[in-house]
Amino acid sequence: MAKGIEKSNETYDKSYYETAISNNEFGSCYKCGYSQTDDDWCQRCSSDLFKLCEWTSGNLIIDKFIEKAQSKARNHGEVIEWIPYKRLRNIKYLTQGGFSTIYKAIWLDGYIIRLDHNKQKWVRKLEKVDCLDYINGKNNIDLPLEEGEKYGLHVILKSLNNSSNINEDFLNELKNHLKFLYSAINNYANFVKIFGITQDPKTKDYMIVLEEIKKGSLRDNLLIKRYNPNDKYHNLYEIASSLSALFKSNLIHGDFHSGNLLSEDEFSIYISDFGLSRRVDKSINSNDIYGVIPYMAPEVLRGKPYTKASDIYSFGIIMWEFTSGVPAFNDVPHDFELSLQICKGHRPEIIEGTELDYVELMRRCWDNDPEKRPTAKELSEIFDVWSTKYLMEMDYKKRKSVPENVHVINHPLSCYTSRKIDYSAKLNEILSQELSSKIVIDEGKDINELSEDLDELKI
């Protein structure tokens, strides 16, 4: 993973990274003399070697997509490759998402770090295979490690459902992930590395090969955050910085929740899953609204398109989860009734002892009016200050553990997987009826007081 460098979020004509390239801060390539675009990375020489590599996915669209990305790569973090399925080992099912199936595996080749100019070959990142990997290779998994295969890299495989025929959804996720990755590098924000594409020879579905983030999702680690409350300031700074980088690339996430935030360790958080992300200016049909209800902004539930402000709403819900240690609305069914209450202004109950400034910012994020929500840049700046005021406990011996008798039990009808919301029209009908019933102005009602009542039901 790429670890973000903490810097202020001031706006420049060029990003820090782009400015460093322009100023030749990475030096010149000793082979061709051109400016390097990163430490030990010459874009010109690397692009030339990529052109000499003989490979094909068997699909012209995929080949051209990868070739274009390789020619643009300014550093090893921006490189993607075609990864033959036969170079993967210990392929094991992990979970089923709303639109994809997730596996973990070992990639025998590892990812490119740099070009060895003398040998004209790639230097790759590999790790020694653990004894457990050989043991796991005997437990009903696909392509187990063979004797003599001593090095590899643990990766995640994301198989997009019904992607055997390349479609716009598959390519959009790849394009948006790479677009965010470029922006994250430009702005020193965290990102999950995408290594390349492969294809399951049995199902013919294409798979995105991603960096493994070892501790899983933020949702899986919420209790740890509750018992180490200062974690939230640094973690939310990193999340806000990544969200700001996403917005700078003219994208919105569209499925922003704690299950799509990954933890490498206690200190680092990464945005993942760009399956529903889209350009800011790309509208969608109100009949094609997908999401996880507790994180969906009221205007989205009512059929309006996702916006930057709707991602900020989700950020506010995640802020609450840091204080509670449990997923939002985990004690009630995730159904039409919850959606209706959210549209009416219902939010998670503030946890006792939460700092007042934090509560105020959280409430701004989940305001019913999108115009009143803060920007990602503002959030990043605020949490940058707070993270220096409320320092994380860096000594593992002093960090608090979750008591063994503390468990999270979700309502059986709660659902934290993205799904289609097909009742926006019904929500609007009920809310419109309630709004109409309020427009009965009696002589004793102050007009300003009435306006405040109406605003509660408007989006």
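See the values below:
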| item | result |
| --- | --- |
| Unique match (being farther than 27 Å from L143 by Cβ, in a loop (DSSP other than H, G, I, E, B) and at pLDDT below 95) among T19, T11 | T11 |
| Helices (runs of 4 or more DSSP H) wholly inside segment 303-397 that include at least 3 residues being in contact with a Pro (Cβ under 8 Å, 6 or more places away or on another chain) and in contact (Cβ under 8 Å) with a residue 40 or more places away in the chain | 308-324, 336-343, 356-365 |
| Filter result (touching a helix residue (DSSP H, G or I) at 6+ places or on another chain (Cβ under 7 Å) and either closer than 28 Å to D273 by Cα or loosely packed, with under 11 Cβ neighbours inside 10 Å (or both)) within segment 378-400 | L379, S380, I382, F383, D384, W386, S387, M392 |
| From the options K68, K104, residue that is of a type in the set (K, R), in the same structural domain as D133 (by TED's automatic domain parsing), under 23 Å from the mean Cα position of the chain (by Cα) and within 30 Å of P201 (Cα to Cα) | K104 |
| Unmet requirement for F256, which otherwise passes all of (1) assigned by TED's automatic domain parsing to the domain that holds C365; (2) farther than 25 Å from N75 by Cβ; (3) outside any loop (DSSP other than H, G, I, E, B) | (3) |
| Cβ-Cβ under 6 Å pairs, at least 6 apart or on other chains, segment 36-47 side in a helix (DSSP H, G or I), far side small (G, A, S) | S47/S71 |
| Segment 160-171, residues that are surrounded by fewer than 20 Cβ atoms within 10 Å (Cβ to Cβ) and outside any helix (DSSP H, G or I) | N161, N162, S164, N165, I166, N167 |
| Qualifying residues in segment 175-197 (those that are part of a strand (DSSP E or B) and not β-branched (V, I, T)) - the one nearest to F247 (Cα to Cα) | F191 |
| Subset tally (residues that are part of a loop (DSSP other than H, G, I, E, B) and either closer than 18 Å to R226 by Cβ or of a type in the set (A, V, I, L, M, F, W, C) (or both)) for segment 398-432 | 16 |
| Residue count, segment 270-297 (criterion: β-branched (V, I, T) and at pLDDT 95 or above) | 2 |
| Counted residues, segment 71-100 - those being more than 24 Å from the chain's Cα centre (by Cα), more than 18 Å from S164 (Cα to Cα) and not in a strand (DSSP E or B) | 2 |
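Each row is one residue, and each column tells you yes or no for (1) under 26 Å from the mean Cα position of the chain (by Cα); (2) assigned to a helix (DSSP H, G or I); (3) outside the structural domain of G196 (by TED's automatic domain parsing).
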site	(1), (2), (3)
K119	no, no, no
K138	no, no, no
E146	no, no, no
K158	yes, no, no
E173	yes, yes, no
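The values are calculated or read from the model by the stated rules, or taken from the named source; none is laboratory data. This structure is a prediction, so every number in the text was calculated from the model and none was measured. Reconstructed Cβ throughout: ideal geometry from the backbone, glycine too, with neighbour counts over all protein chains shown.
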